Amino acid sequence: MADGVQFEINSAAFRAALEGFLATTGHETARWLETLTARLRIKIMGYTPVDTGRLRNSWRSRMVNAAEGRVSTDISYAPVVEYGGYRGVGPRR
């Protein structure tokens, strides 16, 4: 995904602690993280402005591994909407 919005916690210490925690708690934690990632996608979709619905409907969530989930879009204008430049004309009704 070259063009898009990405958020990540990039801390080696956090990742190491999380991986250690996952090793002791097993699949329950991985399922919890998967659920949390899916819920985050739904929240992001709810905050995404709608004109045609293309951006809102493009958000996807996936698990990279047991300790990492991602929510992403491949829509090229997503950073403009996120960081400014969206005219805010409002949704078409």
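Can you pull out the residues in segment 27-76 that are outside any strand (DSSP E or B), in contact with a Leu (Cβ under 7 Å, 6 or more places away or on another chain) and modelled with pLDDT of 90 or more? Steps first, please.
Residues of segment 27-76 outside any strand (DSSP E or B): 27-59, 66-67, 73-76.
Within this subset, residues satisfying the condition of being in contact with a Leu (Cβ under 7 Å, 6 or more places away or on another chain) are 29-30, 48, 66-67, 73, 75.
If the condition is that a residue be outside any strand (DSSP E or B), in contact with a Leu (Cβ under 7 Å, 6 or more places away or on another chain) and modelled with pLDDT of 90 or more, then Thr48, Thr73, Ile75 are the ones that fit.
Filter segment 50-87 down to the residues that are of a type in the set (S, T, N, Q), open to solvent by 70 Å² or more (accessible area, probe 1.4 Å) and in contact (Cβ under 8 Å) with a residue 24 or more places away in the chain and list them by number.
Hits for segment 50-87 are Thr52, Ser76.
The values are calculated or read from the model by the stated rules, or taken from the named source; none is laboratory data. The shown structure was predicted, so the numbers you read here are calculated from the model rather than taken from an experiment. Methodologically, a virtual Cβ is constructed for each residue, glycine included, from the backbone with ideal geometry; neighbour enumeration extends over all protein chains shown. Accessible surface areas use protein heavy atoms only, side chains included; no ligands, DNA or RNA. Shrake-Rupley method; radii C 1.70, N 1.55, O 1.52, S 1.80 Å.
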